[in-house]
Amino acid sequence: MLKPSHDGETPGNLTYRGGSATDQNLTPRFPQDVVGDKRGLSTFSNPAQVERSGYKKAQEIDTARLANLDAIPNGTGAKDSHVSIRPSSELELVEWAQSREKGGHEYTKAVKAAIVREVRLPLEQSGPRGASDAPPVSDGEYDGGGGSSGGGGATSSW
């Protein structure tokens, strides 16, 4: 079972991308995700931030396993655990984002390969969106529910 640290962020190199493990979801959007301080594929080191965004599941990504991609923590404060996943070249980021509709880009494949598991987010624990800063906590395994991580990991909950 994953245990968040005292500040809600997960230990080590784990980040969370809300949604399914589809090529489209694991590819940045063009043009909005290729500019600004948080350009790239948005993930969060605190799974509660994914939950507050309204997602029911997330892909747990081990950033140490990302081939040819950087994980850049760039949150703007204590409650913002944003981490951008992107290549070092701005031109490659644009190319990656422009492949979103086609799918199959090498960087999307790299993100999929770094997925540890798909986690279910217990939205009912936090009440209205943004009502809780506490990360989801599990007291057991998720029953599967037909979900798939797309990265070969087990489907489970916190």
Within the range 77-103, residues being out of contact with any Lys or Arg (no Cβ under 9 Å at 6 or more places or on another chain), not aliphatic (A, V, I, L, M) and not in a strand (DSSP E or B) number 11
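Within the range 48-56, identify whether any single residue is of a type in the set (A, V, I, L, M, F, W, C) and within 22 Å of LYS102 (Cα to Cα), and answer yes or no.
Residues of the range 48-56 that are of a type in the set (A, V, I, L, M, F, W, C), as a first pass: 48, 50.
From what is left, the residues that are within 22 Å of LYS102 (Cα to Cα) are none.
Checking the range 48-56: not a single residue is of a type in the set (A, V, I, L, M, F, W, C) and within 22 Å of LYS102 (Cα to Cα).
Condition first: of a type in the set (S, T, N, Q) and either assigned to a strand (DSSP E or B) or surrounded by fewer than 21 Cβ atoms within 10 Å (Cβ to Cβ) (or both). Now tell me which residues in the range 40-76 satisfy that.
Scanning the range 40-76 gives SER42, THR43, SER53, GLN59, THR63, ASN68, ASN74, THR76.
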Reported set for the range 104-123 where residues are part of a helix (DSSP H, G or I) and modelled with pLDDT of 95 or more is GLU106, TYR107, THR108, LYS109, ALA110, VAL111, LYS112, ALA113
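Select from the range 68-107 the residues that are over 27 Å from ARG52 (Cβ atoms) and hydrophobic (A, V, I, L, M, F, W, C) and write down the one among them that is nearest to the chain's Cα centre (by Cα). Please lay out each step first, then the result.
The initial filter retains those residues of the range 68-107 that are over 27 Å from ARG52 (Cβ atoms), namely 68, 87-92, 94-95, 98-99, 101-106.
Imposing the further condition that a residue be hydrophobic (A, V, I, L, M, F, W, C) reduces the set to 91, 94.
On the way: LEU91: 23, VAL94: 20 Å.
Filtering the range 68-107 for residues that are over 27 Å from ARG52 (Cβ atoms) and hydrophobic (A, V, I, L, M, F, W, C), the one nearest to the chain's Cα centre (by Cα) comes out as VAL94.
The values are calculated or read from the model by the stated rules, or taken from the named source; none is laboratory data. Values in this document were obtained by computation on a predicted structure and should not be read as measured data. Because the Cβ atoms are built from the backbone with ideal geometry, glycine has one as well, and the counts that use them run over all protein chains shown.
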